[in-house]
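Worksheet: one structure, shown below.
Derivation of every value follows stated rules applied to the coordinates shown; laboratory data play no part. Owing to the predicted nature of the structure, the values given are computational and were not obtained by experimental measurement. Methodologically, a virtual Cβ is constructed for each residue, glycine included, from the backbone with ideal geometry; neighbour enumeration extends over all protein chains shown.
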Amino acid sequence: MPSRIEALLGSCVVIPCTFDYYYYPPRRPDRVVWYQFAKHSYPKVYDSWYSSEVISIFRGKTSLVSSQYGKTCSLEIYPVTWRHHRQTIYPWVDPENVGRYTHRFWDKTVTIHVEDRANTPEIMISGNMKVGESVTVQCSVDHTCPSYPPTLSLSISSLSYRPQSRIVTRGTRTTLVSTVVIERDHQSVECTVKHLGGITARATKTFNAECSFFPLTISSPSSEFLEGIESKVTCTASYTCSRHNPVITWSYSGMPVSTETRRVGGRTMWNTISTLSLKTSSNDHGRSLWCTAKFYQGQTQQKSITLYVKRSMFSLGWTFSTPKSITGLKGSCLIIPCKFTYTNAIPPNLKLIWYLYQDSGYPTVFDQRGGTVVSQFSGKTSSVGSTADGNCSLQINSLELSQNLARLYPWIDKNAITSYHSRGHSFYEKTTQLLVSEHAKNPQISINGIPRVGEQSSVSCNVEHTCFSAPPTLSIAGIPGTGTIKDSLVSDGIWKRTIEQTWNVEEEDRSVTCTVSYPSGQKATGQQPLNVECPYEDITISEKLISATEGVAKSVICSVSYKCKKNIPHIDWNYEDMQSTIKIVKLSKHSYSMESNLTFIGGLDDDGKSLMCTAQFSSGKTSDSALLNITKYVKPPDAHYKIHGFDTAHRLAADVPFRLSALTRSCVVIPCTFWDSEQIPMTRGIWAKRDGGIVFHNGRTQVMHHFRDRTKIVGDLSERNCSLEIDDIKPFDNGPFCFHSERGNEKYTFNNSCVFIVMKASPEKPEITGVPAEVDAGSALTVSCSVTHTCPSHSPEFSWSVPHISSAVSDSLISGGIWQRTSIINFIVAPGDGVKNLTCTASFWGEKKGVTTAALTVTGTLKYKMRTYAPAFVPVTLLLLILVAVLGVFIYRKRKEAENQPRPPPRPEKRRNLPEDREKPPRPEKRGSIWSRLSRRNLPGDREKPPRPEKRGSIWSRLSRRAAGDRGGWQNSRQTTDVSVSYLNNSSTVVMQSSKPLYSYPNN
């Protein structure tokens, strides 16, 4: 037994203990008791017989550790606490039998030392330290709790997988063993140990591994390279460290190279692959192609292969160029453009041959050597140009649909094509495909610029073709004139024929049509709408600065010139309710001018604003504006007015406002009173313009035509009231207007008797008052709407957007000649939560209107509906319940009445077996009532049934009239054999003995 042992706080500790003897053996060797070392007593630490005598700090925490070998006295303490620190204890084997010669056990003690820090684990790494190789990582820790060994875990940096591990515990040493494949040259491993009780400790170790490099490899799809044909050659460098990514170069420069690096072979192998797009020539045959890889830190590897180049058929010292495809029209001709060049001088006497492409063989299409030509091209092909000039073009006449999609290629060599090896070569990419069309293409029409009426414009129409010797013809219709023809080469073998025609654009021009006709008979037509534009000029306003007096009408003119009679513009002004006139003048055949004359009436609030006129055409609009300078009307100094016949008139005083506003097309009443000391009233009142001209006179012929039948005095001259009404106010009825009077032969003029009328084009807007911010649905609301005017003889009329319970209208005089009319309504707010519009409209004399809308927020619609419909719902519900009760009583009585009727006899057994000479009676007439159709279930069967119990049937059977009627009609039917009353149609009488009334049935 050790004399000292360490224990970890919160964990367990096992004190190893064994004993042996040579003589005086113990009687009970399995009886072991542990004691605390003390001088005068024997405090027990462990005693399986007397556990209650164990001292408190060890009670329930100690136990013996058994062993298969025997003679053991090992003690386990769990959990370890600070109270166990520096406790000295000892065991005693068989303490009940102590003799003189027995062993003094207290001479051998062990002292416990409690620690709160765990020992650091030990990490060991063994194996081949190279990237990609496997190594063994061991983490070990010593402890004193073999019963509950600690747990160990490994954490390895930058590891892409979780390695498999195993834990081995031998005695008081626990080891974690893991096999790891090294993925990087620098990695660290951390081992964590966790003891019983939760105390942990960690250890970290860093290991460096070597990187490996593998020989380069070069690969290609084939061991042979075709001359002029691109082939992919790859060079692969393999290594184990990603940071050693090499730079790969080739001995052939100037060719496309792509490089790719990827991880292969698990987690530690990397490949950098360089792909060279190699195009060899005949001179490269037998040369070496080198690949060099330069790694990080200067390592270099090289690899080479020998090139075996096979010559191409087109590497014969000459090349040619032809289009990939060419389109021709059936029956027309076609030229395949072809040019060739020799590396050296063109050999003399070269013969041109054209072949038809096939997978095998070389069918001839054209042969200058005189060879046989295939039937579909026989007699239709010829050469164009000379081979001495490098021209190998082929012309094909009278194209046929059988030649469609055929592929052709030329041969320009002294030797025959069959004398060369063509393995690995395809002529397909070098061929020209024939596309033979049966229908002609539509010509392309283009309009140069935008055709504008009155100007010159041009139209061009073109079509591409492949037969320069017999080109198509073009013609243009829809516009006058004659076109000019022009031919041009678009590309090899494609020509373009163009016709261009110029004409003077008319308003009636709609579209242009171009027709192309081919010598082989085909025709095609193209049509293009001209979309003739009717141009217009900028609109202009007559004055850029419009100076006017408030309320005084001023004529402002906007004019615009345009083309086309149909292109009539619409001229708008940015001021409403003002009179304007339109005048259109024809300037020339296609030119017109429109003038809009606006009678502008401005107010002081218009000063500094812009007056704008806009001409709106179908294709756009144009605008112009002028600055407004509105001045206030100033009352002129009072002076004698020289009115004809009033030169020596008497002068009296009057009260007339010097200015008054009026709404055009409405009326105005000018308030007028005068003072006169005479008792005799004035006999005539006269209103005249200050600068001359009578406005009102009781002699109609004396009145100016402009005011005739529009003026009248509404005041009573005898009461010294000279008020004047002017109806249908015109924009220029400003005045000033002055009052004069006559009494007999005496004439009178008045001071302060002139008034100036300030015109207004738009009426005043009404003002709504009394609208709350929020109102409940169904509540009564009173609102008012007021508007001012100067026409009390024809006051405005109000209309509202809501139905109202009551309404009232009142008038009040605000100041001289200005009145206010107010409409007050009371209405019920309609249900519907949300913001509602309340609109008041004032209709003025002369049909002008002023409209004002106020927002009304409505709430409480649900409560309103409940209050409204609840009183009606209750009586209706009670009425329905009463009806249901009455119907139930009626059904019950009918049921009882039906049950008291006698039952009919059973039906005959063979009611359908009628005599042959007897006509089958028709079925009873089908009843229309749903009750009768549903009552069939109550008819008697073939046998007499006992009466039903008192149980009631369904409501349908209770409502059935037939149930009771059938029983009454069958009462005495037993006197007749094999006859059912319900199937008889010829009998007129049925004898029945019943006190019940019979029910009638249909005859059929």
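Computed from the C-beta positions of A653 and S779 and an R0 of 56 Å, the FRET efficiency is 0.50 to the nearest 0.05.
Multiplying the residue separation of D20 and K765 by 0.36 nm and removing their Cα-Cα distance gives an extension gain of 255.6 nm. List the relative contact order of region 444-529 as a percent without decimals, with contacts defined as Cα pairs under 8 Å and 6+ residues apart. About 33 percent, as a whole number.
Loop-located GluC sites (Glu not before Pro) in region 221-326 (DSSP state not H, G, I, E or B) with no more than 13 neighbouring Cβ atoms inside 10 Å do not occur.
Here the contact order of region 650-760, divided by its residue count and restricted to Cα pairs under 8 Å and six or more residues apart, works out to 41 percent. The value of relative contact order for region 318-437, using C-alpha pairs under 8 Å at least six residues apart, is 35 percent.
Mark the label point 7 Å from the Cα of S281 along Cα→Cβ and return the residues of region 210-231 whose backbone N is within less than 20 Å of it. It comes to 225-231, nothing else. With each label modelled as a point 7 angstrom along the Cα→C-beta vector, the R893-S126 pair spans 11.7 nm. Among D811, D577, sorting on how many other beta-carbon atoms sit within 10 Å of each Cβ, with the fewest leading, yields D811, D577.
Legend: calculated FRET efficiency, N349 to K303, from the Cβ-Cβ distance at R0 = 60 Å, rounded to 0.05, equals 0.75.
Among the GluC sites (Glu not before Pro) in region 160-212, none is located in a DSSP loop while being surrounded by at most 16 other Cβ atoms within 10 Å of its own Cβ.
Among the GluC sites (Glu not before Pro) found in region 465-548, those both in a DSSP coil and sparsely packed, with 14 or fewer other Cβ atoms within 10 Å of their Cβ, are E508, E537, E543. Charge tally for C235 (other residues, Cβ to Cβ under 15 Å; Lys, Arg +1; Asp, Glu -1): +3. Once both labels are positioned 7 Å from their Cα atoms along Cα-to-Cβ, the gap between R4 and R59 label points is 3.2 nm. Straightening the chain between H113 and M612 buys 169.0 nm, computed as 0.36 nm per residue apart minus the Cα-Cα spacing.
Other residues within the sphere of radius under 15 Å centred on the Cβ of L329, judged by their own Cβ, net out at +3 (K and R +1, D and E -1). Over all other residues within a Cβ to Cβ distance under 13 Å of C211, the charged ones net out to -1, with Lys and Arg as +1 and Asp and Glu as -1.
For the pair H804 and Y42, the difference between a 0.36 nm per residue extended length and the Cα-Cα distance amounts to 263.0 nm. Listed peptides 729-739, 517-527 appear in the order 729-739, 517-527 once ranked by packing, highest mean of other Cβ atoms within 10 Å at the front. Taking a spot 7 Å from the Cα of E400 along the direction of its beta carbon, which residues of region 373-392 have an amide N less than 17 Å from it? Within reach of a label on E400, which here means backbone N under 17 Å from a point 7 Å along Cα→Cβ, region 373-392 contributes 373-382.
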